[in-house]
Each structure stands twice: as structure tokens, then as C-alpha cells.
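The structure appears right after this line, and notes come after that.
The values are calculated or read from the model by the stated rules, or taken from the named source; none is laboratory data. Computed from a prediction, not measured in an experiment: that's the story for all the values here. Here the Cβ positions follow ideal geometry from the backbone for every residue, glycine too, while neighbour counts run over all protein chains shown. With ligands, DNA and RNA removed, areas are computed over all heavy atoms of the protein, side chains included. Shrake-Rupley method; radii C 1.70, N 1.55, O 1.52, S 1.80 Å.
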Amino acid sequence: MSDGILVDLRVIWEALVRFFGLEALVLVIGLVVILAWVQVNALFLVWLERKVAGHIQLRIGPKEVGPFGVLQTIVDGIKLLGKELITPQPVSWLLFILSPIMVFTPVLVAFVVLPFGPHLIIRDINVGLMLIFAFGGINVLSILMGGWASNNKYALLGAIRSVAQNVAYEIPLLLSAMSVVVMSGTLSMQGIVEAQEGVWFIFYQPVAGLLYLIGATAETNRAPFDIPEAESELVAGFHTEYSGMRFGLFFLAEYTNMFIVAAVATTLFFGGWRGPFLPGPWWFLIKVYILIFGVMWVRWTFPRLRFDQLMNFAWKYMIPIALLNLLVTALVMKLVR
Amino acid sequence: MLRKTLTEDSFYLNLGPQHPSTHGVLHLLLKLDGERILECKPLVGYSHRAHEHMGQNRTYLQFLPNTSRMDYLGGLCYNHAYCLAVEKACGIEVPERARYIRTVCAELNRISSHLLWFGAYLMDLGAFTPFLYAFDDREDILAILGEVTGSRLTYSYCRFGGVNRDLNQNFLDGTKAFIPKLRKRLKDYRTLVTKNIIFLNRTKGIGTVSAELARDWALTGPNLRACGVAYDLRRAEPYSIYPELEFEIPTATAGDCYDRYWVRMAEMEQSLRIVEQALGRLPEGPVKAAGVPQWIQPPAGDYHFSYESPRGHLGIYFVSDGGRVPLRMKWRTPSFSNLSILSEILPGTLVADTIAILGSIDVVIPEIDR
Amino acid sequence: MSFLEDITPVLAQRFGVENLTAQDRARHGYDLRLALDQERLTELVGLLKEAGCYLEYITAVDQGQVLELLYFFGRYDQPPFRLQVKVAMPKGVAVPSLAGIIRAADWQEREVFDMFGQRFAGHPDLRRILLSEDADFHPLLKDFKPGPEHGGEVVNLERK
């Protein structure tokens with residue numbers, strides 16, 4: 001009986017491979033797995049955030065639903081799914097509906113090139129790093145779309161802030177990543193990890209690493225850089241008018257983005273999946289979650305910066321330092337080789 | 001709507017009445033150029049409950065529970081002030097022990113009010129954690145006060161000629177344990193918040209008020225003391241047992257958000273000192289004066305009483321015609337004057353500063369609206 | 001020399017000694033009462049502002065035909081000083097606004113207007129402040145009787 005099913009499956013598989021080609025098939029399966037993984041991971045991160053925040057704030061966080069409240073976010077997700085999707089009358093409905101979908105797309109694409117392990121990567125393309133940053137740029141666009149389409153002053157202010165902030169912080173982010181690229185000589189994510197055999201890049205590039213982490217926090221709109229959605233000022237910023245699962249998508253995208261920037265940081269500076277005893281993917285996840293924990297810790301400790309202070313910080317300090325760092329790196333590499 | 005406003009240089013933003021940072025139902029009508037404020041009009045009155053009108057239609061005792069509903073954070077102080085005002089008009093002598101008990105409770109109430117302000121202010125600035133720390137401490141005070149007053153927020157503990165009931169052992173033990181605990185926590189707040197670079201950047205030099213401007217707008221309380229004027233009614237027009245106690249009036253010089261913050265934090269320490277001293281000297285005796293008439297009927301005339309509430313100069317003015325019901329019952333609430341200065345200091349700042357300044361002024365909306 | 005001793009002769013000289021009454025602070029909570037004609041209000045307030053006083057509050061008492069406007073002035077120093085300025089006049093007569101001299105008067109006058117319907121001439125923005133804009137009554141006037149349209153009836157206690 002079961003033998004029969006397996007035979008059938010193999011026949012189907014071979015037919016599919018013949019029809020689509022092996023690569024395309026792996027890609028599709030990979031994307032489906034990613035979709036599932038992204039959801040589960042985001043739910044886990046939300047739970048983790050609440051738990052971390054709770055313990056930082058002298059309380060215990062969610063504890064009722066499931067062991068240690070693990071299922072709390074799933075229940076919340078179901079609640080969000082069950083809510084009415086309100087589309088206010090004066091919005092530009094096409095942009096309004098597209099925005100939450102668009103905010104989620106680049107997030108999925110980035111997962112294609114993340115090296116979870118020596119072989120656990122969907123496609124190791126030779127411009128992997130570029131791909132992540134390029135698609136990361138779409139994020140801003142969708143936030144601006146959502147904020148503009150909402151026809152709400154708070155949302156618009158949030159969107160404007162978001163664009164200005166993301167443009168400013170993408171530059172030091174890229175420049176610090178470039179320093180690593182200059183050292184490793186490749187844009188392939190897997191290649192960068194391989195270049196870190198022995199010593200992690202964070203020891204060669206501590207400045208770039210720090211700049212990257214600060215820039216990444218700003219890029220994901222996390223406190224103390226959460227001014228686009230500054231609750232006490234702009235109510236909810238660009239997603240003020242969103243309800244139900246549309247809001248849920250923004251929310252999931254935020255946490256998934258957090259995972260991506262932490263994963264990229266791990267790849268660039270902390271040796272990716274390298275580590276003793278445990279298999280690669282375990283090390284990768286451990287490093288990513290440690291970084292995410294650090295980001296959460298910062299969020300629950302610091303007040304929020306003001307908008308102009310944030311911009312000053314990026315343009316007057318981070319970008320010049322990042323440029324200098326890149327220059328010095330290039331010089332040294334030229335001399336050493 | 002959006003298109004029309006955007007073609008012009010400026011647009012209006014209704015901050016409130018429903019907004020996370022207006023702490024109630026305050027409505028700020030802001031005229032903005034981008035994020036810069038050109039003009040600000042505070043609109044109040046959303047929670048007007050006609051307390052003054054009620055005061056003119058109730059006997060003096062019936063009005064007592066109303067007092068703590070005006071300022072729900074400093075309810076016991078309002079209670080205390082009202083009793084002092086009426087006692088002064090009628091010439092009722094309060095027993096020594098009752099005066100001490102009232103002062104202890106009022107100062108604890110002042111600390112809890114400042115603690116809530118501290119937490120809420122930091123939340124306005126985007127730091128969520130101190131809010132829960134402050135609430136944790138405040139919870140202790142509410143539990144202690146609940147032990148003797150029977151309520152947590154809207155107290156009716158003071159009576160004409162004394163207090164409702166004597167302190168119990170739980171109150172004394174709780175306060176004794178609480179004082180060192182809060183001292184330790186204030187130290188933590190100093191390292192967590194006061195020295196935080198982001199916090200300093202957000203508050204230093206923001207919303208500066210000079211002493212002259214403060215006088216023009218009739219600022220009182222910590223907001224005034226942050227401008228360098230050491231005006232505290234507990235010292236300026238001493239009432240109750242304050243002349244017998246040792247405490248300082250913390251003042252700052254710059255009059256910006258940071259100084260207002262600093263003054264309140266320092267005031268909490270002074271209030272702890274007052275509580276400690278008063279409890280140490282707590283005399284024995286009755287807690288209620290004997291022979292207080294059943295119907296309070298102050299002699300015909302008008303009476304004013306000033307009290308230092310957690311937010312500043314609380315003035316109670318009532319006119320009696322010798323009857324059981326006052327002819328006029330006026331409450332000068334400090335936040336009313338303190339808030340009006342916003343239209344002066346907000347223009348030229350950013351939206352983010354609006355929140356920082358509004359929070360630092362420490363307004364309680366129901367107290368403004370009465 | 002305290003401020004009270006300084007200012008008393010000045011006030012007596014300029015505004016008439018018969019208008020000035022010393023009050024028992026221990027009982028009434030203020031030191032001086034000055035009964036004043038409304039025309040001389042701005043002159044007095046200018047003088048008080050120069051002298052370093054602040055406007056504590058403005059209120060009114062409905063005395064039937066006459067509305068008594070009461071201005072309280074205090075000072076930020078020791079020993080304490082508090083002056084009550086009493087302007088009594090028939091209802092419906094406008095009083096000069098102080099908002100141009102002391103900014104704190106802006107909201108205080110709006111409140112008096114809101115509660116008593118007293119008009120202030122020259123006030124920059126005399127609107128209702130606590131009650132809603134469409135209210136057609138002034139609740140602290142004695143002839144105001146709250147009916148069901150104002151959210152229920154208030155039981156008036158019988159005066160002794």
C-alpha cells in the first residue's frame with residue numbers, strides 16, 4: 001500500500017523534473033518551505049520579544065496559552081485573521097491594499113540566498129548580498145505607499161520619516177557590508193562565509209560590524225530608531241489605518257526583517273554557519289537569535305531618538321566613518337595582496 | 001482633503017482628543033510646516049464634570065468625595081486641601097496625630113503622582129520599561145494607602161477635624177519597608193534614565209521657560225521651580241505640620257524639560273524625607289477632633305486657601321452666606337495655568353518635542369476640566 | 001520690609017484708601033482687598049505686574065443683579081502676599097481684558113466668560129473653554145437650573 005504511494009510519488013516527481021527542470025523545482029519547494037518557516041519564525045520571534053520584554057520589565061510575559069505561552073502569538077494571529085479588514089473610504093484603495101503585500105515580498109526573496117548551512121541554501125548566486133540589499137529597498141517603497149494611500153496625516157508623517165530614515169541608513173549599511181566584500185572578494189553569501197575560515201570578520205572589521213548593527217536596527221525601524229511608527233507621537237505611524245491581517249502582514253514583515261538583518265550580520269561578520277561540534281544550521285540559528293536578543297534588549301532599554309537627531313547621526317557620523325573604514329580596508333587589502 | 005492641504009505650505013494636525021500621549025482627552029490643534037510647529041492651540045473641556053456647580057449645590061461634607069475626583073493622581077492632596085480650607089474657615093482645631101497622618105498620606109500620594117508621571121513621561125519619549133518599573137513602585141504606595149483609606153485612587157480619607165480612621169500596623173510596616181526600597185529604585189532610575197545620552201538629547205534645551213515667562217503665565221509647582229524660582233507653598237504659606245519638618249525645595253536653573261524632570265525626581269526624595277520624619281515623630285492621641293458640628297456652616301464671608309499639590313498651586317476659594325451650602329465654590333487648579341503656556345513654547349519645535357514638552361509639564365486633564 | 005508693607009500705601013494713594021481693606025490672612029487666606037472701578041483695572045494690573053506679582057486666578061460670584069469679578073494676585077516670594085481685587089458691576093457690562101498685559105488672564109477670562117457669560121473687551125479669543133461650543137447657558141449663574149437637557153436634574157438642597 002505505502003509502497004504503491006511512494007512509487008506513484010516518484011513517477012510524479014520524475015514527470016515534474018522532466019517538465020520544469022530540477023532547478024526550478026528546488027526553487028519552488030524552497031519557497032514553499034520558506035513561506036512556512038517565515039511564518040513560524042515570526043511567530044516565535046514575537047513570542048520571544050514579549051517574553052524578553054516581560055522579563056526586562058519585571059513581569060513574566062505571556063504564560064497562559066501553551067507551555068510558557070508559546071502559542072499566544074498563534075492565537076493572536078488567528079484573532080487578526082478573524083478581524084474585519086477596514087478600508088477607510090478616502091484611501092487610494094489599490095495602493096492601500098498593495099502595500100502590505102509588497103512589504104512582505106522582498107522579505108521572502110532575501111531568504112533565497114541566506115546560507116543556513118554548508119549545503120542548506122536555496123540558490124547560492126554570485127551577487128547574493130546585492131540581491132538582499134536591492135530587495136530590501138522595496139520595503140521603503142511599500143511603507144511610503146501605505147502611508148500615502150492611507151490619507152491620514154499621522155500615516156503620511158510616518159511614511160515621510162520612514163523614507164528619510166531608510167535612505168540615510170542604507171548608505172552606511174551598504175558601505176560597511178562593502179568593507180567585508182573587499183576583504184572576501186566575493187558577493188556570494190556562501191563565499192563570504194567560506195572566506196571567514198579561522199577568523200571571523202568582526203575581528204578584522206569591528207567598526208564596520210558596529211555600524212552595520214546600528215544601521216540594521218534603524219533599517220528595521222526598531223527602537224531607539226522606531227520613529228516612523230513612534231507610538232507616542234504618531235499613534236501608529238504608517239500603519240495607523242491598517243486593521244486585521246493587513247496590519248498583521250506589516251507586523252510579520254517587521255519581525256522577519258529583523259531575522260534577515262541579523263542573518264546577514266551573522267553571515268558577514270560572525271562566521272555564518274561556522275562553529276564546532278554542532279552542525280552548521282544550528283550555529284547559524286544560535287548566532288542569529290543571539291543578535292536578535294541584543295536588538296530586543298536595546299529596544300526595551302532606550303528612549304526614542306528625535307527625527308533630526310537621527311538624521312544628524314547618520315549623515316554626520318556614520319556615513320563618514322563608514323567611508324573611511326572602507327577606504328582603509330581597500331588600502332590595506334591592496335598592500336597585503 | 002490631503003491633496004488640498006498639501007498644496008499649501010502648512011497643514012493642521014489634530015493631536016487628540018484621542019491620542020496615546022495626551023494622557024486623557026486633551027486636544028492640541030497644531031499648525032504644521034512639515035514637522036515644525038507654527039502654531040498651537042490647546043483645546044480643553046472634554047471631561048468637564050461641573051465640579052464647581054456641584055460644590056454650590058451640596059453641603060460641605062457632601063462635596064468632600066468630589067475633591068479627589070478632580071485630580072485623580074493627587075486625590076489625597078485635594079482631600080487634604082479641602083479639609084484644611086474648611087477647617088480654617090470654621091476655626092476647627094485638628095488633633096496633632098491627625099495632622100501628622102494627613103501629611104504622611106499626602107506626601108505618599110505626591111510620590112505616587114510623581115512616579116506615575118515619571119513612567120508616563122519616559123513612555124512618551126519611547127522608553128517603555130521605566131513605565132512598568134514606576135508602576136511597580138506606585139503599586140506599593142497604593143497598597144499602603146489602601147490599607148488605611150480603603151481606596152486606591154479616589155480617596156475620601158480626610159474629614160473635617162481629622163481623618164476617617166487611625167493608621168494600622170500594616171501601614172506603618174509597609175511604609176517603613178517602602179522608603180528604603182524607593183531610595184534604591186531612585187538610584188536605579190538615575191543610572192537607567194537620568195544619565196542616558198538619548199534621554200539627555202531629547203530633553204536638554206527643549207521647551208525652555210524663563211522665570212519671567214513663567215510668571216506671566218502663572219506657572220506653579222515643579223514647572224516653576226525648574227525655572228529657578230524656589231516657590232513652594234509648603235514653605236511659602238506653611239500649613240499643617242510642614243513648619244516643623246526639615247526638607248529642601250529642589251530648584252533648577254534652565255527651565256527646560258530636563259530640569260522639570262530633575263526637580264520632580266528630587267522632590268520624591270524630599271517627600272521620602274518628610275514621610276520618614278513625620279512617622280518618626282508620630283504623636284499619640286485621637287485622630288478626630290471632638291465637637292465638630294454635624295452641619296458645617298462657616299461664618300458669612302469669603303475664604304481662600306492655597307495648597308501645594310503635586311502639580312503646583314491649588315487654590316480653593318469659597319463664599320459662604322452662613323448656610324449649609326456654599327454660595328460659590330471655586331477651585332484654582334494648577335494644570336489649568338500650566339497647560340496654557342503650551343501655546344507660547346511649542347511654536348518652532350518639532351512634533352516629537354511637542355510630546356516631550358507636554359509630558360514634562362505634567363498635566364492631569366480632569367483637573368483642568370473639573 | 002515686606003512687600004505687603006511696601007505696596008499698601010501705594011495702592012491706598014492711587015486707588016483710594018477707602019477702597020482698600022486689610023484682611024485677616026489666618027482666616028481668609030489673603031491680605032488685602034481692593035474694591036475697584038473697572039476702568040482702572042488695566043492701570044492696577046500694569047502696576048502689579050511691574051511689582052512682580054502673578055495672576056493666580058480670576059473668578060466671579062453671582063450676587064443677583066450684580067456680578068462680582070474677583071482677581072487674585074500673589075507673589076513668588078516670602079513672606080506671602082495675596083491681593084484680592086473686586087470689581088462689582090451690573091451683569092452684561094463688559095470689563096477690559098487683561099490678556100494683553102498678563103498672558104495667564106487669557107484662559108482665566110475665558111473660563112469666567114464660559115461660566116458666567118461675562119464679556120471681556122479686547123480679549124483676543126473669547127470662546128467657551130470648558131463647556132461645548134454650542135452651549136447656550138452659563139451654568140454658574142444663580143438663575144441657571146439644570147434640566148434634563150443638561151444631563152439630568154440636580155436636587156437643590158434647601159438653604160437653611
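Which is farthest toward the positive dipole end of the protein assembly as shown among B:ASN168, B:ASN196, C:PHE15, measuring Cα position about the Cα centre, with Cβ charges +1 (Lys, Arg) and -1 (Asp, Glu)? The listed residue farthest towards the positive side: B:ASN168. Its residue count N fixes a reference of 2.2 N^0.38 Å for the protein assembly as shown, and the Cα radius of gyration divided by that reference is 1.14. The P(r) of segment B:191-330 has a tail past 19 Å containing 65 percent of all C-alpha pairs.
Can you give the charge dipole size of segment A:92-336 about its Cα centre, rounded to the nearest 20 debye, using +1 on the beta carbon of Lys and Arg and -1 on the beta carbon of Asp and Glu? The partial results should precede the final answer.
Values: 12 positive and 12 negative charges, 34 e Å.
It comes to approximately 160 debye.
Considering only B:GLY348, B:GLY291, B:SER309, the residue lying farthest towards the positive end of the dipole of chain B is B:GLY291, judged by Cα position with unit charges set on Cβ. Using only the alpha-carbon atoms, how far is helix B:257-280 inclined from the longest principal axis of chain B? Give it as 0 to 90 degrees, nearest 10. Here the helix axis deviates by roughly 20 degrees. Over segment B:100-184, all Cα pairs binned in 5 Å intervals from 0 give whole-percent P(r) values of 3, 14, 25, 23, 16, 10, 6, 3, 1, 0, listed from short to long.
Counting other Cβ atoms within 10 Å of each Cβ, which GluC sites (Glu not before Pro) in segment B:221-311 have at most 12 and sit in a DSSP loop?
Working: sites: B:GLU244, B:GLU246, B:GLU248, B:GLU267, B:GLU269, B:GLU276, B:GLU284, B:GLU308; in loops: B:GLU246, B:GLU248, B:GLU284.
Of the GluC sites (Glu not before Pro), the ones in loops of segment B:221-311 whose Cβ has at most 12 other Cβ atoms within 10 Å are B:GLU246, B:GLU284.
Quick one: pull the percentage of alpha-carbon pairs in segment A:113-155 with a separation above 13 Å. In whole percent, the share of Cα-Cα pairs in segment A:113-155 beyond 13 Å is 65. Note on segment B:119-160: Rg/Rh from C-alpha atoms, Kirkwood Rh, equals 1.17. Chain A and chain B together bury an accessible surface of about 2900 square angstrom, both sides counted, with a 1.4 Å probe and no ligands or nucleic acids included. Farthest toward the positive end of the dipole of chain A, out of A:LEU48, A:PRO303, A:ILE227, is the Cα of A:PRO303, where the dipole comes from beta carbon charges about the Cα centre.
For the protein assembly as shown, the list of Cys residues with no other Cys C-beta under 4.7 Å reads B:CYS40, B:CYS77, B:CYS90, B:CYS105, B:CYS227, B:CYS257, C:CYS53. What the Cβ-Cβ distance of A:ARG337 and A:TRP13 gives, at R0 = 51 Å and to the nearest 0.05, is a FRET efficiency of 0.60.
In this simple spin-label approximation, A:ILE171 and B:ARG152 carry label points 7 Å from Cα along the Cα→Cβ vector, and these lie 5.2 nm apart.
Each listed q (0.07 Å⁻¹) maps to a log10 I(q)/I(0) for segment A:92-336 from the Debye sum over equal C-alpha point scatterers, namely -0.23. Annotation: amide H of B:ARG332 within the under-5 Å range of B:GLY315, B:ILE316, B:TYR317, sequence separation 5 or more or interchain, hydrogens built in the peptide plane. Taking every Cα-Cα distance in segment C:36-92 and sorting them into 5 Å bins starting at zero, the pair-distance distribution P(r) comes out as 4, 19, 26, 23, 14, 9, 4, 1 percent.
What number results when the radius of gyration of segment B:10-368, computed over Cα atoms, is divided by 2.2 N^0.38 Å? Mind showing how you got there, number by number?
Working: Rg = 20.3 Å, N = 359, 2.2 N^0.38 = 20.6 Å.
Computed over Cα atoms of segment B:10-368, the ratio equals 0.99.
Once the C-beta distance of B:GLN62 and B:ARG235 is scaled by a Förster radius of 25 Å, the resulting FRET efficiency is 0.15 to the nearest 0.05.
Kindly state, to the nearest 0.05, the FRET efficiency for B:LYS195 paired with A:TRP297, given R0 = 30 Å and r defined as their beta-carbon distance. The partial results should precede the final answer.
Working: r = 18 Å, r/R0 = 0.60.
Using R0 = 30 Å, I get an efficiency of 0.95.
Each stretch of four or more DSSP H residues adds -39500 (n - 2.57); spread over every residue of the protein assembly as shown, this sum gives -17000 deg cm²/dmol at 222 nm. When the alpha-carbon atoms of chain C are used, the pair Rg, Dmax equals 17.3, 57 angstrom.
When every Cα-Cα distance of segment B:1-91 is counted in 10 angstrom steps from zero, the calculated P(r) takes the values 14, 30, 22, 16, 12, 5, 1 percent.
So for segment B:258-361, Kirkwood radius off the Cα pairs, Stokes-Einstein at 37 °C and 0.692 mPa s: how many µm² s⁻¹? Let's see the in-between values first.
Working: Rh = 18.0 Å.
This corresponds to a translational diffusion coefficient of 183 µm²/s.
Test of the criteria: in segment A:242-337, which chymotrypsin sites (Phe, Trp or Tyr not before Pro) are in a DSSP loop and have at most 16 other Cβ atoms within 10 angstrom of their Cβ? All intermediate terms of the calculation are to be shown ahead of the outcome.
Working: sites: A:TYR242, A:PHE247, A:PHE250, A:PHE251, A:TYR255, A:PHE259, A:PHE269, A:PHE270, A:TRP273, A:PHE277, A:TRP282, A:TRP283, A:PHE284, A:TYR289, A:PHE293, A:TRP297, A:TRP300, A:PHE307, A:PHE313, A:TRP315, A:TYR317; in loops: A:TYR242, A:PHE270, A:TRP273, A:PHE277, A:TRP300.
For chymotrypsin sites (Phe, Trp or Tyr not before Pro) across segment A:242-337 that sit outside H, G, I, E and B with at most 16 neighbouring Cβ atoms in 10 Å, the list reads A:PHE277.
Evaluated at q = 0.17, 0.22 Å⁻¹, the base-10 log of the normalised Debye intensity for segment A:288-337, with identical point scatterers placed on the Cα atoms, takes the values -0.78, -0.86. With all protein chains in place and a 1.4 Å probe, the accessible surface of chain B carries 53 percent carbon and sulfur. Approximating the spin labels as points 7 Å out from Cα along Cα→Cβ, the A:ARG123-to-B:ASN170 distance works out to 6.9 nm. Net charge dipole, the protein assembly as shown: roughly 1020 debye, given to the nearest 20, about the Cα centre with Cβ charges of +1 for Lys and Arg and -1 for Asp and Glu. Can you tell me which aspartates and glutamates have their Cα less than 16 Å from the Cα of A:LYS51? Leave out same-chain residues fewer than eight positions away. Answer for A:LYS51, where 16 Å is the Cα cut-off: A:GLU64, A:ASP76, listed by chain and number. With the convex hull constructed from alpha-carbon coordinates only, segment B:71-228 shows a mean projected area of 11.0 nm² over all directions.
Given a 1.4 Å probe and no ligands, DNA or RNA in the count, how much accessible surface is buried by B and C, both sides, to the nearest 100 Å²? All intermediate terms of the calculation are to be shown ahead of the outcome.
On the way: alone 15270 and 9630 Å², together 20400 Å².
That pair of chains buries around 4500 Å² in total.
Lys-Lys pairs in segment B:10-368 that are eight or more residues apart or on separate chains and whose Cα atoms lie under 20 Å of each other come to 8.
Roughly speaking, to the nearest percent, how much of chain A's 1.4 Å accessible area is carbon and sulfur?
Using a 1.4 Å probe with all protein chains present, chain A comes out at 75 percent carbon and sulfur.
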